[in-house]
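Data first, discussion second: the structure below is written as C-alpha cells.
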Amino acid sequence: SPRVLSGIQPTADSFHLGNYLGAVRQYVSMQEGFDAFYCVVDLHAITVDYQPEDLRRRSRIAAAQLFAAGLDPERSTVFVQSHVREHTELAWVLICLTGMGEAARMTQFKDKSARYGEGSASVGLFTYPILQAADILLYQADQVPVGADQKQHLELTRDLAQRFNHRFGETFTLPKPYIVKDVEKITDLQDPTAKMSKSSSSPGGILDLLEQPGPLRKKVMRAVTDTGSEVLADDENKPGVTNLLRIQSALTGTPIPELEARYAGQGYGTFKKDVAEAVIETFTPIRERTEKLLADEAELDRMLSVGAARARAVAAETMAKVRDRVGFLPTI
Ligand code: AQP
C-alpha cells in the first residue's frame, strides 16, 4: 500500500487547533489505506533556542498526543526522529545537493530567523527544510499530510528527490503534499490574517489541545470577529468569522453554507458559543487520554522504541542504497 509520512515538532507543551485540523487529524484518517509513519521531530526542534528539559518533556507530550488523537501503534509507526540516525545522515547528503540560493529562498527561514539578530539564527534553522526532505525521502513516502505553510518545503523535497534520481539513478519516490483546503491555514483568534502558531500567537490567539474547557470557551468568545453581525464566510471582509466557520465546519462535519443558514439573523454570540462547545467536545477526550498516557512514561517510551525499530528498518534500507549510489565505500 502507498506510504504516508509526516512529522510534528515538540516545541510547545501542547499541539494547537491548527496542528490538529491541518495535520494530526489527517494522520489519523490516513492510517486507513496507507502504510503510515509519523515522527516527533526533535532534531528540528533544536534549530531554535530551547532547554533540554523542555525538549524531553515536550517530546513525550507530543508522542502522547499523537496516540491520544487516534494513532494506533499497531497500524502506524510512531517514533522520535533522533532515534533513527539515518535522518541526519541523509540530510548531509541532501545538503550537499542543495544550492545556497535555493535554500535562501525558503520563506519560513526568513520568518523564523527574523526573531534573531542579523546573522544569529543557527545554520540548523537554515538547513531545516533539507532535514525535512530527508525525513520524507528516507521512507519513500507517497503522501505527506501538512498545512499550507509547508508547501514550499514539499516543493524543495521533490526537487531534491528528482535531482538525486537524475544524478545517481532512480532512488527516491516523489512525494506529494496532502493538504485539506478548508483547514490548510487555521488563523490566530486575535489576528485572523496570521497563522495560529506555537511560537508567534499570543495566548488569546491560540487554542491548545491540552487546555481546560474554561479557558478554551473564554478564548473563542473573545475571538476577534468583524464589523456587521452576519455569520457569513468572506475571507476578504470577514476573516475572523470565516476562520470560526471553517473550524466549526471541520469539527462537526457540517458544510459552511448549512452553518450560515443556521445562524442567519442570530448574531455572533450563539455561533461562538457553539464553536466553543465543538472545540471542547473534540479536545476533552484527547486531553484525558494524553494525561493517562503521560502517567506511565515507561510504557510510552516502550511504544516509541517499538516505532523506532520499525522506522529504522525502512530507513536503513534506503540509506544503504544512497551510500552505494553516491560512492561511499562499503563497510565490511
Ligand atoms: N495554523 C495552522 N493551520 C493549519 N495547519 C497548521 N500547522 C501548523 N500550524 C497550522 C501544521 O501542523 C503541522 C505541524 O507543525 P509543526 O509543529 O511542525 O511546525 P509549524 O508549522 O512551525 O507549527 P507552528 O505551530 O507554527 O509552530 P512554530 O510556531 O514553532 O513554527 C505542520 O504540518 C503544519 O503545516
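The values are calculated or read from the model by the stated rules, or taken from the named source; none is laboratory data. Quick caveat: nothing in here was measured; it's all calculated off a predicted structure. With ideal geometry, Cβ positions are generated from the backbone for all residues, glycine too; neighbour counts draw on all protein chains shown. What goes into the accessible areas is simple: the full protein's heavy atoms, side chains included, and nothing from ligands, DNA or RNA. Shrake-Rupley method; radii C 1.70, N 1.55, O 1.52, S 1.80 Å.
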I'd like the antiparallel share, as a percent to the nearest 5, of DSSP beta bridges with both residues in the chain.
15 percent
Got a number for the accessible area of Lys176? Probe 1.4 Å, square angstrom, nearest 10.
110 Å²
FRET efficiency for Arg115 and Asp13, using Cβ-Cβ distance with R0 set to 22 Å, rounded to 0.05
0.65
Along segment 55-68, what does the Karplus equation 6.51 cos²θ - 1.76 cosθ + 1.60 (θ = phi - 60°) give for ³J(HN,Hα), rounded to whole Hz, x for Gly and Pro?
4, 4, 5, 5, 5, 5, 4, 4, 4, 4, 5, 5, 5, 5
Residues of the chain: accessible area per residue with a 1.4 Å probe, Å²:
46 Å²
Lys181 to Cys96: extension gain in nm, 0.36 nm per residue of separation minus the Cα-Cα distance?
27.2 nm
I'd like the distance separating the alpha-carbon centroids of segment 137-189 and segment 273-318, in whole Å.
23 Å
What order do Met30, Met303 take when sorted by accessible area (1.4 Å probe), most exposed first?
Met303, Met30
Using θ = phi - 60° and the Karplus curve 6.51 cos²θ - 1.76 cosθ + 1.60, what whole-Hz ³J(HN,Hα) does each residue of segment 314-323 get, with Gly and Pro shown as x?
6, 5, 5, 5, 4, 5, 4, 4, 4, 4
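If r is the Cβ-Cβ distance from Arg222 to Lys292 and R0 is 25 Å, what FRET efficiency results, to the nearest 0.05?
With a Förster radius of 25 Å, E is 0.25.
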Roughly how big is the chain's charge dipole about its Cα centre, with Cβ charges of +1 (Lys, Arg) and -1 (Asp, Glu), in debye to the nearest 20?
380 debye
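Let a ≥ b ≥ c be the square roots of the eigenvalues of the Cα gyration tensor of the chain; is it rounded (a/c under 1.5), or, if not, prolate (a/b larger than b/c) or oblate?
The shape class here is prolate.
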For segment 242-281 (alpha-carbon point model, no solvent) the Debye-based log₁₀ I(q)/I(0) at q = 0.27, 0.34 Å⁻¹ works out to -0.94, -1.34
Gaussian network model of the chain, Cα within-10 Å springs - most flexible of Gln190, Gln108, Gln51:
Gln51
Built amide H within the under 5 Å cut-off of Val80, gap 5+
Val40, Ala308
Sequence-distant residues sharing a close amide H with Thr187 (under 5 Å, placed H):
Met196
Residues whose placed amide H lies under 5 Å from that of Lys176, excluding near-sequence neighbours
Gln143, Val144
So which GluC sites (Glu not before Pro) in segment 56-115 pass both tests, a DSSP loop state and at most 12 other Cβ atoms within 10 Å of the Cβ?
Glu74
So, counting K/R as plus one and D/E as minus one, what does the shell of residues with Cβ under 12 Å around Pro285 add up to?
0
A 1.4 Å probe over the protein heavy atoms gives segment 225-275 a carbon and sulfur accessible-area percentage of 48 percent
Can you give the accessible area of Tyr27 in Å² (nearest 10), computed on protein heavy atoms with a 1.4 Å probe?
0 Å²
